[in-house]
Each structure stands twice: as structure tokens, then as C-alpha cells.
Amino acid sequence: MIDSVSIVRCEDYDFSSVAGAIQKAISFFGGIEAFINLGDKVLLKPNLLSASPPDSAIVTHPTIVEVLGKMVRRAGGSVIIADSPGAGIPYTVNALQKVYKTTGYDKLAQDNTFLLNFDTTWSLIANPRGKLIKYLEVINPVINCSKIINLPKFKTHTFTIFSGAVKNMFGIVPGFVKPSYHARLQNVSQFSEMLLDLLVLIKPILNVMDAVIGLEGDGPGALGKVRKINLIMVSPNPILLDVVACQIAGIDIEAVPFLVAAKKQGLIPNEIEILGGNLEEFKLTNFQKPKTYDPKGFGLKPTIQKLIAPIVKNLFSLKPIVLKSKCRACANCVKSCPTKAIKIVNKKAKINYRECIRCYCCIESCPEAAVISKLSPYAKFVQRRGVSGFFKTDIG
Ligand code: SF4
Ligand code: SF4
């Protein structure tokens, strides 16, 4: 059962459809009672990337959270819902209020059945078993609960290619600390190891993926395209859940840096048992990958990369571009940029490309979809001739 992922069809977000699908998907693992004991303080960790409505497919749908919360309550646990939204959004009470309101989560707390988190304190926690990161900053509700249920969204991601259960746990790192990880870990392999280290420190007991609608193309924010997937996916193991989700999307796991890192660490078995059907029947056709996707792998060896990365970065990786006509100078991108490469000049965001490490936090954090990514003309030329990926940095 440990190496298993369950998959159940779910056509819409009606409460009864979602409840039926989630109950069935968890029943393969013994039901919610196999995970929750009387008196457990359970933290539900959705994807609340930004203040976006549920039908944008950017955030975990509130009905998923409501169903899980009620199941936990029936099993004898109490429920708190907590996340620190994406890069550029401060981890403050005001920001959380705005996110809860726009995503529809505020209604979940109306009858006091569940608690929405407003504790914006955080702590630095020692992680001696971490392979790369020995100390991690995490929000305090995570420390104060007894169990975590991870509720990721099925989305593409321009930096990590797929944003599922593993990447969702990065949300327990508080607001403005997130961009500093991009600055410290400029190589996506290192960033991936950090994600795995985070799972060593804080491991969810169960992962329930909202794949009723998801994002394809240039997710995980406003540039992604909504795609009906009609699935609920469950596993106690977040890494295996992401492997199977990628297989459904037609994403090669060799192109997903944190899954490559997990494979290197021996965390992906040769076979993953699928419960609830045959994997083939769930596979999507023509799922649009992010522009950064390269099935041949995602990077050069570190030594070579160190020598040529600065040149290659400009020639071959996607460049974030500010569309001046859409920019309204809100400065979200300025706050989210880990290398301080963005300034507001003449009421428009301006990027200093020498400082830019192509982490795409600005794309993720822009509420106006005013930051897009573009390949250089030279990279387009090379891609047309089928040698893309030969010169490719980890950063892009
Ligand atoms: S590019 Fe987007 S996030 Fe940056 S200032 Fe303009 S509107 Fe705000
Ligand atoms: S300007 Fe570059 S470094 Fe800054 S957030 Fe955007 S992609 Fe990342």
C-alpha cells in the first residue's frame, strides 16, 4: 500500500461528487480512520498560491478542503486550514484575509467548523536528516499541529515543470522567505533537494490531489490554461503521487528536477501500484507542457554549467518580459524577486537581466499576467532544428 496511488473519477465540484470520489480514493488505504485518531490536531495544507477564484484552477478548490475537513472531524480530529501564499505575497493577516475571501475559503469558517489560520509567526527548525538544508523556516501552525494532510493542485510549473504534492509543501515556508531559497539555490537541482529535505522535516500523512480541473501550459499562475482532468488522486506518498500525475499528463519524470532528485535518492520504486483502475484509462491527450519543458532532461553537469551558465542563460533560457501595457506598478514582482532584479521605473516594472536568475517568481506573482516568458530568437532557431536541451541551464 505504501507504493500505491489511488485514482477516482470526479466530474465536477458538487459537494456530493467530491465527497464520493475522495471517500472512495481514501478507502483503498483503509479510510480516513486509518490516518486520524481521536484528538488529532490536523492541518489541511491546500495550494493557496494567490488570491484567485477557484475556477481559475490556480488554487485547491474549497470543496476539496470542506470534504476532507468534515471527514477529519467525523474521525475525531480538529481542523485548521493553513498555507503561506506564493512568492511576493506577504505572510500577513491582511494578505491571508484577501486570499481566503477571493478563493472562497472564508465561507469554510463561517459556522466555526474549521479554523482558518491567521497566525503569521514562523520558526527556524533544525533539519539534521536533511541532505542539503540543515535548517528550514516553517510557519508555526505546522509545528503546532499533530498531523498534516497535503491538498495539492494538478498544475504545470515553468520552474519545476510540475507543481503537485511535493512542491505544494514549499507553501509551509513563510512569505518573503520563499524568494531567498531561489537566490540561495540558484541551481534547480539544489532547489529540488531542498524540496525533498522539507519532506524529511515535515511529512504529510496523506496527500489528496485536486485534479478535477488543473492547469496546463505555463502554470502555476495566471499564464496557465485551465484543463478539465476530472480526477481525484490519493497517496500517503507525495513523491509517488507526483510521478503518477506526471504519467497522466505525459510529462517525462526526467524533465522534473525534484523527481530526478528523488530517483537519485532511491525514493521512487520501479513499480507503483495503481488502485481504482488502469493508469492507461486516465492518461490525458495533448496535455500542454510549460515552455521550459525538455524531455531530454533539465541540465548540464554542475562544473560545465558553472562555466557557461551565464552565457547560456541569456541565449537559451526563457526570458521574463514585462508587458508594459498590462503592468500597473503594484510591485508584487519587485517583492518576489530573490535577486532584486526588478525595479519600478516610470510606473512600470523593469528587469535587470544581468541579475535575473530565471526563477520565474515574477511570473507567478503578477496578478495582471503582465510578465510573460519568451525564448531568444537564437534559441528558437536552435529548437526548430531539434537540438534544444543540448545547451540548457538548470535555471531555465
Ligand atoms: S509586472 Fe505585474 S507584478 Fe510587476 S509591477 Fe507590473 S503588474 Fe505588478
Ligand atoms: S526577474 Fe528574474 S530573478 Fe527576478 S523574479 Fe523574475 S525571473 Fe526571478
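The values are calculated or read from the model by the stated rules, or taken from the named source; none is laboratory data. Quantities reported herein were computed from a predicted structural model and do not represent experimental measurements. Note that each Cβ is placed from the backbone with ideal geometry, even for glycine, and that neighbours are counted across all protein chains shown. Just the protein is used for accessible areas: all its heavy atoms, side chains included, with ligands, DNA and RNA removed. Shrake-Rupley method; radii C 1.70, N 1.55, O 1.52, S 1.80 Å.
Under conditions of 10 °C and 1.306 mPa s, segment 43-105 yields 131 µm² s⁻¹ as its translational diffusion coefficient, taking Rh as the Kirkwood radius over Cα pairs in the Stokes-Einstein equation. To the nearest 10 degrees, how steep is helix 62-74 against the longest Cα principal axis of the chain, on a 0 to 90 scale? With rounding to tens, the tilt is 40 degrees. Summarising the label geometry, the points placed 7 Å from Cα in the beta-carbon direction at Glu33 and Asp252 lie 4.7 nm from one another.
Taking Cα centre as origin and charging only the Cβ of basic (Lys, Arg, +1) and acidic (Asp, Glu, -1) residues, the dipole magnitude of the chain rounds to 2000 debye.
For segment 136-240, just say rounded, prolate or oblate: build the C-alpha gyration tensor, square-root its eigenvalues into a ≥ b ≥ c, call rounded for a/c under 1.5, and beyond that prolate if a/b exceeds b/c, oblate if not.
Values: a/c = 1.89, a/b = 1.17, b/c = 1.62.
Here segment 136-240 falls in the oblate category.
Pairwise Cα distances in segment 171-300 exceed 23 Å in 38 percent of cases. Kirkwood's formula applied to the C-alpha pairs of segment 87-155 gives a hydrodynamic radius of 14.4 angstrom.
What is the projected area of the convex hull of the Cα atoms of segment 66-215, averaged over all directions, in nm²? Working shown, then result.
Values: hull surface 36.2 nm².
Here the figure is 9.0 nm², rounded to one decimal.
Expressed as a whole percent, the accessible surface of segment 207-258 that belongs to carbon and sulfur atoms is 49, based on a 1.4 Å probe.
Tell me, what is the percent relative contact order of the chain, built from C-alpha pairs under 8 Å that lie six or more residues apart?
Numbers: 858 pairs, mean separation 74.2, N = 396.
The value is 19 percent.
Inter-label distance, Asp3 to Lys348: 5.5 nm, where each label sits 7 Å from its Cα along the C-beta direction.
In the chain, the longest principal axis of the Cα atoms and the axis of helix 15-27 are about 90 degrees apart.
Using the crude model of +1 on Lys and Arg Cβ and -1 on Asp and Glu Cβ, and no other charge, please compute the dipole size for segment 8-156 relative to its Cα centre, in debye to 20. List each step's numbers first, then the result.
Numbers: 16 positive and 12 negative charges, 94 e Å.
In total the dipole reaches around 460 debye.
How large a share of the accessible area of segment 1-107, in percent, is made up of carbon and sulfur atoms when the probe is 1.4 Å and the other protein chains stay in place? Show your work: numbers first, answer last.
Values: 2220 of 4080 Å².
Its accessible area is 54 percent carbon and sulfur atoms.
Within segment 8-95, the GluC sites (Glu not before Pro) that combine a DSSP coil assignment with at most 14 other C-beta atoms in a 10 angstrom radius are Glu11.
With the largest listed first and rounded to whole Å, the semi-axes of the equivalent ellipsoid of the chain from the Cα gyration tensor are 32, 24, 20. Per residue, segment 4-282 exposes 34 Å² of accessible surface when a 1.4 Å probe is rolled over the protein heavy atoms with every protein chain present. Among Ile139, Gln265, Thr292, whose Cα projects farthest towards the positive end of the dipole of the chain, with charges put on the beta-carbon of Lys, Arg (+1) and Asp, Glu (-1)? Value: Thr292.
Along segment 54-61 the Karplus relation, 6.51 cos²θ - 1.76 cosθ + 1.60 evaluated at θ = phi - 60°, assigns HN-Hα couplings of x, 6, 7, 6, 8, 10, 5, 5 Hz to successive residues, with x for each Gly and Pro.
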